[in-house]
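Here the structure is laid out as structure tokens; the discussion comes afterwards.
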Amino acid sequence: MAVSYCSSTIDFDSIPLTALNFTVRKKLALYLNPKHVSAADWTALAEAMGFEYLEIKNYEQYQNPTKMILENWQGTSTQATVGKLLEMLTAVERVDVISDLQGLIEEDCRKYLKKKQLQEQPVQVPEVDSCVPKTLEMNGITINDDPSGHMPELFDAFICYCHRDIDFVHEMIRQLEQTECKLKLCVFDRDVLPGTCVWSITSELIEKRCKRMVVIISDDYLDSDACDFQTKFALSLCPGARSKRLIPVKYKPMKKKFPSILRFLTLCDYTNPCTTSWFWGRLAKALSLP
């Protein structure tokens, strides 16, 4: 369903929810977090998004449930667009929210479209007088890459980790690469060549070079912007975990809450003494699937 508001020429249905920045999300929360007798609140929006009763009850524990349902919806649904959000707000009769935030929403969408247009343009015009063959930005990005791009290095899994968990990454390498499992892991600090754009290279590796992504969950992981980006990007590639692309791993006790965006995925738990002996076998099998 195409969405059109007032005189706007923006195709909101083609713009992902990630285009909406913090200001819009905070203002949405101010409208939807409070319980209203006569107006629909965040629970009505969550229901429209497809969340079930028990999931919605779980969100009640958070100080900002609107923020949580927006983040989880954009990470698990292929329909998470600005247009679909506006459509659902209209359906729950919160047109007042749309009216008050329309200017800010349109501004975020225009910024997104402008950034996307710039990214699609060539960064530099090739030199016509040079006889040295040029390689594309995504060629020659890992240690064993073919610089010509004919044979890019491929991996069984991208390892998402923060640097304080590097000891467990080394253990993972020993158990999965240096045993009969013979899996090939992509460990950023080991395999990626320096001097490349972190975000674009990470996206390339997760989407095109690696069959799966292992997320090492810890308290430090929750404070890592890089891990947050990698996780949400991987989730956007496999809404609902249909391809079993993302595998969360918990290897030590946590003081903070487990990330809600990953609660719908089956956990590989190294901290449970009853299942530790099965841990590496289960993980290796999951990473070996086609």
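Some points to look at:
- Check on ALA226, touching a helix residue (DSSP H, G or I) at 6+ places or on another chain (Cβ under 8 Å) and among the aliphatic types (A, V, I, L, M): yes
- Checked against the criterion of being over 22 Å from GLU55 (Cα atoms), in contact (Cβ under 8 Å) with a residue 24 or more places away in the chain and part of a helix (DSSP H, G or I), the range 265-282 has at least one qualifying residue.
- Annotation for the range 15-33: at least one member residue is part of a helix (DSSP H, G or I), polar (S, T, N, Q) and within 30 Å of LYS115 (Cβ to Cβ).
- Inside the range 152-172, residues that are open to solvent by 20 Å² or more (accessible area, probe 1.4 Å) and closer than 20 Å to THR231 by Cα make up a count of 6.
- Within the range 34-54, the set of residues being within 21 Å of the chain's Cα centre (by Cα) and in a loop (DSSP other than H, G, I, E, B) comprises GLY50, PHE51.
- Unique residue being of a type in the set (S, T, N, Q) and not in a helix (DSSP H, G or I) when the list is GLN79, GLN117: GLN79
- Among the residues making up the range 42-76, those that are open to solvent by less than 30 Å² (accessible area, probe 1.4 Å) and under 16 Å from LEU20 (Cβ atoms) are TRP42, LEU45, MET49, THR66, MET68, ILE69, LEU70, ASN72, TRP73, GLY75.
- The residue of the range 184-231 that is most open to solvent (accessible area, probe 1.4 Å), among those that are part of a strand (DSSP E or B) and touching a residue at least 60 places away in the same chain (Cβ under 8 Å), is LYS211.
- Of residues in the range 56-109 being without any contact (Cβ under 8 Å) to a residue 24 or more places away in the chain and of a type in the set (Val, Ile, Thr), the one nearest to PHE229 (Cα to Cα): ILE56
- Among the residues making up the range 62-103, those that are closer than 16 Å to ILE261 by Cβ and among the aliphatic types (A, V, I, L, M) are MET68, ILE69, LEU70, ALA80.
- Filter result for THR179 (of a type in the set (S, T, N, Q), farther than 23 Å from GLY140 by Cα and in contact with a strand residue (DSSP E or B) (Cβ under 8 Å, 6 or more places away or on another chain)): no
The values are calculated or read from the model by the stated rules, or taken from the named source; none is laboratory data. Not measured: the values here are computed from a predicted model. No Cβ is skipped: glycine too gets one built from the backbone with ideal geometry, and neighbour counts run over all protein chains shown. These area figures cover heavy atoms from the full protein model, side chains too; ligands, DNA and RNA do not enter into them. Shrake-Rupley method; radii C 1.70, N 1.55, O 1.52, S 1.80 Å.
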